[in-house]
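The values are calculated or read from the model by the stated rules, or taken from the named source; none is laboratory data. Everything quoted here is computed from the prediction, not taken from an experiment. Note that each Cβ is placed from the backbone with ideal geometry, even for glycine, and that neighbours are counted across all protein chains shown. In case anyone asks, the SASA skips ligands and DNA or RNA and just uses the protein heavy atoms, side chains included. Shrake-Rupley method; radii C 1.70, N 1.55, O 1.52, S 1.80 Å.
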Amino acid sequence: MRVFVTGAVGFVGGWLQAELRQNGHTVVPAPGPEELDITDREGLARWLAQTGDLPEAIVHLAGMAFAPDARDYPGEAFRVNVGGTLALFEALRLVGIKPAVLVTGSSDVYGLPRSRDLPLGETAPLAPNHPYALSKVAQEAVAIEASARYGFPVVVTRSFNHAGPGQRPVFVIPAMARRVVAMQRGDRTSIPAGNVDVRRDLTDVRDVVRAYRLLLERAADGSAPAALVVNVASGEAVSIRSIIDQLCELAGVPPRIEMDASLVRADDPVEICGDSSLLTRLTGWRPAIPLRTTLIDVLAEASGV
């Protein structure tokens, strides 16, 4: 299958391209934002048309992915997350094709879940409470409307936290790994952190892109519903404190945590955990990479190994 990928230069994009190629698909990565603005409908149409054979499927990764960035620049979050998704579907209509499209969304659309609602299934109420989450709800709506109105086979993922080598250090796992390495090298005596007792559903990025591939294949061959929203989650929650403890154990340093008020988010949910049973029923997917393996690989990257 010939798969076009937007946001191909990002963290998930690199892993996804490898996953697709290893499973026999041809990948055509979109140019980076310095060459192609994801909100440029005509530019997207030219990219789609000038590459030769047209795509049989598209994975739409491009957009703002870090919630604090969206808090600082809400207009830009809506421009790229919502406007970019709309421009992509309009570009496909200009070219005159209807490939399967997988749009990567976020579990942030669920907002601050109550403990009795965990693990969160796809029917859980949406309660976005910050600009990033709001932009992802709107992005979902654009994709589902494109399926309903124009007949695109669409999958929207609600992806829970994921990590792995190559992730920006603004995210919690690589950030903590770097602080642990600094302590290992004697550059600091403690590990600054925010609310370390919150619990998060965490999946290795390599398992996440495998889920994306499987979902895309189902959408392309017609074995998935025409408009599908599906969680991508491990189904288990782990505390940030536990992650720090494991990183410190791996690095051979004591887990001395220093609370830093500037790192605490007042609206952080106590626990987030997703139900991925729909994904499993559709594709057979289950997470295969243990958290410890993820942490070993991220720590090695932080150490420059």
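Only residues that are touching a helix residue (DSSP H, G or I) at 6+ places or on another chain (Cβ under 8 Å) and open to solvent by 50 Å² or more (accessible area, probe 1.4 Å) were counted in the range 41-64, giving 5.
Quick check on ASP40: is it at pLDDT 95 or above and of a type outside the set (Val, Ile, Thr)? Here the answer is yes, as ASP40 does meet what is asked. What about PRO99, is it open to solvent by 10 Å² or more (accessible area, probe 1.4 Å) and of a type outside the set (A, V, I, L, M)? No: the conditions fail for PRO99.
Scanning the range 15-30 for residues that are among the small types (Gly, Ala, Ser) and surrounded by 17 or more Cβ atoms within 10 Å (Cβ to Cβ) yields one hit, ALA30. The sole residue among VAL229, VAL181 that is β-branched (Val, Ile, Thr), surrounded by fewer than 22 Cβ atoms within 10 Å (Cβ to Cβ) and within 27 Å of GLY7 (Cβ to Cβ) is VAL229.
Looking at the range 222-261, which of its residues are among the acidic types (Asp, Glu) and modelled with pLDDT of 95 or more?
Listed by number, the residues that qualify are GLU236, ASP245, GLU249.
Among the candidates ALA138, ALA148, the residue that is small (Gly, Ala, Ser) and open to solvent by 60 Å² or more (accessible area, probe 1.4 Å) is uniquely ALA148.
Conditions (1) under 14 Å from LEU291 (Cα atoms); (2) buried (at least 18 other Cβ atoms within 10 Å of the Cβ), marked per residue:
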| site | (1), (2) |
| --- | --- |
| THR189 | no, no |
| ASN195 | no, no |
| ARG200 | yes, yes |
| VAL209 | no, yes |
| LEU216 | no, yes |
| GLY222 | no, no |
| LEU247 | yes, yes |
| PRO254 | no, no |
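Residues in the range 125-135 that are open to solvent by less than 30 Å² (accessible area, probe 1.4 Å) and among the hydrophobic types (A, V, I, L, M, F, W, C): ALA133 only. Restricting the first member to the range 232-258 and to residues that are among the polar types (S, T, N, Q), and the second to residues that are in a helix (DSSP H, G or I), the beta-carbon pairs closer than 7 Å and six or more apart or on different chains are GLN246/ARG292; GLN246/LEU295. Looking across the range 236-275, the residues that are in contact with a helix residue (DSSP H, G or I) (Cβ under 8 Å, 6 or more places away or on another chain) and more than 30 Å from GLY186 (Cβ to Cβ) come down to VAL270, GLU271, ILE272, GLY274. Could you say whether any residue in the range 239-253 is closer than 30 Å to GLN17 by Cα, hydroxyl-bearing (Ser, Thr, Tyr) and outside any helix (DSSP H, G or I)? No, because not a single residue in the range 239-253 is closer than 30 Å to GLN17 by Cα, hydroxyl-bearing (Ser, Thr, Tyr) and outside any helix (DSSP H, G or I).
Of all the listed residues (THR294, THR280), the sole one being modelled with pLDDT of 95 or more and over 18 Å from VAL172 (Cβ atoms) is THR280. Residues in the range 31-40 that are surrounded by fewer than 16 Cβ atoms within 10 Å (Cβ to Cβ), touching a residue at least 12 places away in the same chain (Cβ under 8 Å) and either over 19 Å from the mean Cα position of the chain (by Cα) or not in a loop (DSSP other than H, G, I, E, B) (or both): PRO31, ASP40.
Checking each residue in the range 264-305 for being over 27 Å from ASP197 (Cβ atoms), of a type outside the set (Lys, Arg) and not in a helix (DSSP H, G or I) picks out GLY284, TRP285, ALA288, GLY304, VAL305. Can you find a residue that is part of a strand (DSSP E or B) and either open to solvent by less than 50 Å² (accessible area, probe 1.4 Å) or under 25 Å from SER276 (Cα atoms) (or both) anywhere in the range 80-96? No; the residues of the range 80-96 include none that is part of a strand (DSSP E or B) and either open to solvent by less than 50 Å² (accessible area, probe 1.4 Å) or under 25 Å from SER276 (Cα atoms) (or both). Against the test of being touching a residue at least 60 places away in the same chain (Cβ under 8 Å), among the acidic types (Asp, Glu) and either assigned to a helix (DSSP H, G or I) or open to solvent by less than 50 Å² (accessible area, probe 1.4 Å) (or both), the options GLU122, GLU76 yield a single qualifying residue, GLU122.
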